[in-house]
Amino acid sequence: CSASPNKPVLTLFTKKPCPLCDEAKEVLEPYKRRFLLQEVDITLPENSAWYVKYKYDIPVFHLNGEFLMKHHVDIQKFEDKLTKLELQNY
């Protein structure tokens with residue numbers, strides 16, 4: 001198995017239900033082989049700090065721990081950042 005441990009991590013701050021989050025994941029579907037998706041449910045007690053920060057803004061995305069976008073997927077911005085990270089890893 002040649003799975004690269006260097007794949008960028010895309011963190012999605014979400015809660016259930018979140019139709020906008022589902023929509024965002026669909027938009028990102030064609031790219032899913034290029035990153036690892038990590039979902040953070042902001043309604044869980046251990047994520048209360050994220051809840052306070054993002055309760056009115058989900059979906060919110062961080063790429064490798066850095067804020068990337070919120071409310072909707074900016075595919076151009078996402079692709080630019082993802083490509084830049086991939087180039088750094090190779």
Margin query: Rounded to the nearest 5, what % of DSSP beta bridges with both residues in the chain are antiparallel?
Written below: 55
Next item on the list: Could you pull out every residue, at least 5 positions away or on a different chain, whose amide H is within less than 5 Å of the one on Leu36? Hs are placed 1.01 Å off N in the peptide plane, and Pro or chain starts have none.
Entry: Val9, Leu10
Check: Which values, in whole Å and largest first, are the semi-axes of the equivalent ellipsoid of the chain obtained as the square root of 5 times each eigenvalue of the Cα gyration tensor?
Finding: 23, 14, 12
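Please work out the average accessible area per residue across the chain, using the 1.4 Å probe convention, and give it in Å².
Per residue, the chain has an accessible area of 68 Å².
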Notebook entry, point to check: Could you give the dipole magnitude of the chain about its Cα centre, charging the beta-carbon of Lys and Arg +1 and that of Asp and Glu -1, in debye to the nearest 20?
Noted result: 120
Item checked: With DNA, RNA and ligands ignored, accessible area of Leu20 (1.4 Å probe; Å², nearest 10) -> 90
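Ordering Phe67, Phe78 by accessible area with a probe of 1.4 Å, largest first, what comes out? Kindly include the intermediate steps, with their values, before the conclusion.
Numbers: Phe67 105, Phe78 0 Å².
Solvent-accessible surface, decreasing: Phe67, Phe78.
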Margin query: Let me check I've understood the local charge: for Gln88, count other residues with C-beta under 14 angstrom from its C-beta, Lys and Arg +1, Asp and Glu -1. What total comes out?
Written below: +1
Next item on the list: Could you state the angle between the C-alpha long axis of helix 75-89 and the longest principal axis of the C-alpha atoms of the chain, as a value from 0 to 90 degrees rounded to the nearest 10?
Entry: 50
Next item on the list: Please determine, in degrees from 0 to 90 and to the nearest 10, the orientation of helix 19-28 with respect to the longest principal axis defined by the Cα atoms of the chain, where the helix direction is its Cα long axis.
Entry: 0
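The values are calculated or read from the model by the stated rules, or taken from the named source; none is laboratory data. What you are looking at is a predicted structure, and each value in this text was computed from that prediction instead of being measured. Here the Cβ is made from the backbone with ideal geometry for all residues, glycine too, and neighbour counts use every protein chain on show. All accessible areas refer to the heavy atoms of the entire protein, side chains included, with ligands and DNA or RNA removed. Shrake-Rupley method; radii C 1.70, N 1.55, O 1.52, S 1.80 Å.
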